[in-house]
Each structure stands twice: as C-alpha cells, then as structure tokens.
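The block underneath contains the structure these notes are about, expressed in structure tokens.
The values are calculated or read from the model by the stated rules, or taken from the named source; none is laboratory data. All values derive from a computational prediction rather than experimental measurement. Here Cβ is always computed from backbone atoms with ideal geometry, including for glycine, and neighbour counts include all displayed protein chains. Calculation scope for accessible area: heavy atoms of the full protein, side chains included, ligands and nucleic acids excluded. Shrake-Rupley method; radii C 1.70, N 1.55, O 1.52, S 1.80 Å.
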Amino acid sequence: MYIHVPFCRQKCPYCSFYSFPPQRGDFDRFLQAVCAHLHLLAQEPLVQALQFDTIFFGGGTPSLLPPTYISQILHTCRSTLHCAAVAEISIEVNPGTIDAFSLCTLQQAGCNRLSLGVQSFLDQELKQLGRVHSAQDAVTAVLEARRAGFNNISLDLMYGLPGQRLANWRLSLEQALSLAPEHLSLYELTPEEPSPLYQDLACAALTLPHEDEVLAMMDSTAQLIADSSLVRYEISNYARPGHICRHNINYWQNGSYLGLGPGAVSALQGRRYRIPPGLARYQRLACTQTTPWLAEEQLDVEQSFRESVVMGLRMLKGVSAGALSARYQLDLFSYYGTVLDRLLSQGLLCWQGERLALTEQGLPLANQVMAELV
Ligand code: SF4
C-alpha cells in the first residue's frame, strides 16, 4: 500500500512530484479523507482479497504530518484491511521537518523503516537544491532516529547536481557511509519539465556536470560501496543483507499495489487506477462513499510483459524467463528476437542461468537498454 502525502513546506526547484504547501485545515482534511477511503476500500471484494505486506508513506513530505495522524492512519489500515503481522512500514522523512519526539511517536505507531531525503551533505548544494534542511540536520535526524529505536534507515542522495565535482560527491557519500545506514538510494539528478531547474538548465543559467564527470562519480560510488557492508541490488539502491526495500521490490516485480491519497495510482489485477491531484476533490468523494478513482486503464498482455521486463531489469538479479513465461505465456527470447541478440552480443545484457540481467557494462547504460525493450 502506498499513501501519498501531498504536502511540502516549499517546492524544491528540481521536483515534479505532486505536492504543495499545506493550508490551515489541510492535515485534518487529508486524515479524514484517507481514513474514509480505507473504509470504502474495505468494502471492495478486490481489496478484501489482498494482504498488505508493506505500507509506504511517500510524498511530498510525510514527516510534515503530525505523527499522531500517521498513527491514526495506520490504526485504520489495520482495522479495515488485512495487513501482514510483520509488514514493512516505511515513511519518507525530510530532515528539516522532524524531531526526537516525532521520531519516537512514529516508531511507537509501528513505522519500522525510515527513508531520509538527505540529497547532499554539503550545505551549498542543499541550498541550490532548495532543500529546507542543512547537512547537520540530516546527521542529527539519523542519530535521533537510532535513539528512537529505528534499525532500518535509508538515506537518499543525488549526484550529477549542477556544478557538482567528483570530490564533492565523494564527500557526501563518505559522510552517508560514516552514519552506517542499512540502505542507500543514490539517484542521478534528472531534471524534468516543467520544473524551474529544467528551465534554468534550458537557458544555460546552470549547467550539469559533463558526462565523463558523472561516470567518474559512478565509478567512485562503486569503489566506496565495495568497502562498506552495503550490496547493490538495484540500479540506484544498496542495502545491507536483510534490508532491501520490500515495498520497491514489489514495484520492480510489477506486482499489485494499492495507492491512497490525491495523485496516487493503484495497480490491481492488470488494471491501473488513478486518483487525480486535488485534496478537496479527494476528500469530497471519499467522505461521500464515492470511489475517488478516476479511470481504469487495462494494460494489454504484451504491454504488461514489456513493463515487467524493463522494471525487472532494474534489479541486479534481473528477470526470470520461466516466471515471465508462466505469467504471460510469452517467451523472452523469441519476443525480442534480434534486439535481444544484439544487446547480448554488445555485452550490455547477459544470461545468469535462466535469468536475464544487465551486465556491469550495461548498468551505466540502463536507460538506453530499457528504451530498446520497452
Ligand atoms: S521535499 Fe521532495 S517532494 Fe517536496 S518538493 Fe522537495 S523533492 Fe519534491
């Protein structure tokens, strides 16, 4: 289950997610709407049949919500739907919006995984990214989370920032590793239209690092991670043994998921359901027992097969030809034919037994490989 919390204190200039600064009463409206939606979903046979192994509060900035609201939502989840006894319950936390007391409340509410949006450990980069926190705030948040009892902490960092040099990226990554997180997500900044950063880059007010510099950052990442207890398991994700993100693994396996909150998407039994942005609409519909799902999109078998291949290849273990064949009655090799032959002969993909995976050489070129298979 994914719960989209659409509030941010201020908009970061690189961000294209749906979020806005909360107005008076918005937190109450959100809480009321999500709980009403949960009660409504509990009457759907499609949802009654599901067991939820993971719950993920994402956003936006879920840590802007008072932690007692998170607690009430989790209580409603457990009392209306089938939640696994050992569910992974993650919450995204912005280090500038959390304190020791809130962390303790979240932990007591049942959150057992924190995903801290650090992005950089250099204040000057944080300022350029429009983040509302400092590097010290991030360090303090990790230390306080440990004291509150969290033993599964993930840190998000971004590289390839405007003007960033290799040495600065190394500083951020070394600082992150020194905090001994159980999980790291390392993303290359990809400015998307119509974000302000995209426009600044388009008019050359800012420039991204040269491709060679970005490749050097990736190489450097591999060296630094090799000396840690983290293992890469997905293009951008690294975990200590036993701490991979179960919630995201389900996405990469093209599994079913239920989305709540304005702007959230669900995928159930080969259909996709979208809730449009807009808190007022979401609240009005959920509270009058009307489904807020706008339209359902039925994916055809081939489209769904290709999605499973492309998303599954993000994981280092790749995709199982046998599992794909059982799920879609399509054969990986004959479906892609000469395209697959070429990617294999170029050394970008390889077979690991009956699994198809990206090679070391293919990992930095994953986007190009995916574009051929999608
Ligand atoms: S805090 Fe996250 S969701 Fe909010 S504006 Fe910044 S990047 Fe976007």
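Each Cα pair under 8 Å and six or more residues apart adds its separation to the average, and for the range 1-116 the resulting relative contact order is 29 percent. Shown for the chain are the DSSP H helices of 15 Å or more along their axis, judged by Cα atoms, with a mean Kyte-Doolittle hydropathy of at least 0.5: 26-41, 332-345. Using C-alpha pairs below 8 Å separated by at least 6 residues, the relative contact order for the chain is 16 percent. Short-range pairs are left out: with C-alpha atoms under 8 Å and at least six residues apart, the relative contact order of the range 301-373 is 33 percent. In the range 186-305, one over the average inverse separation of all distinct C-alpha pairs is 18.4 Å, which is the Kirkwood hydrodynamic radius. The charge dipole of the chain, taken about its Cα centre with unit charges on the Cβ of Lys, Arg, Asp and Glu (plus for the first two, minus for the last two), comes to roughly 1000 debye.
For the chain, adding -39500 (n - 2.57) for each run of n ≥ 4 DSSP H residues and dividing by the number of residues yields -12500 deg cm²/dmol at 222 nm. Solvent exposure of the chain amounts to 45 Å² per residue of accessible area, where only protein heavy atoms count and the probe is 1.4 Å.
Length gained on full extension, Tyr251 to Ala204: 13.4 nm, using 0.36 nm per residue less the C-alpha separation. Diagonalising the gyration tensor over the Cα atoms of the chain and scaling each eigenvalue by 5 before taking the square root yields semi-axes of 31, 29, 20 Å, largest first. Net charge of the neighbourhood of Tyr2, taken over other residues with C-beta under 15 Å away and scored Lys/Arg +1, Asp/Glu -1, is +1.
Local charge for Leu224 was computed over the other residues whose Cβ lies under 13 Å away, with Lys and Arg +1 and Asp and Glu -1, and equals -1. Near Tyr335, once Lys and Arg are set to +1 and Asp and Glu to -1 for all other residues with Cβ below 11 Å from its Cβ, the sum equals -1. Solvent-accessible area assigned to carbon and sulfur over the chain amounts to 53 percent, based on a 1.4 Å probe. Note on the range 301-373: Rg/Rh from Cα positions, Kirkwood definition for Rh, rounded to two decimals, is 0.92. Put the Cα centre of the range 75-143 next to the Cα centre of the range 257-272 and the gap is 23 Å. Tyr336 contributes an accessible area of around 20 Å² to the protein surface, as traced by a 1.4 Å probe with all chains present.
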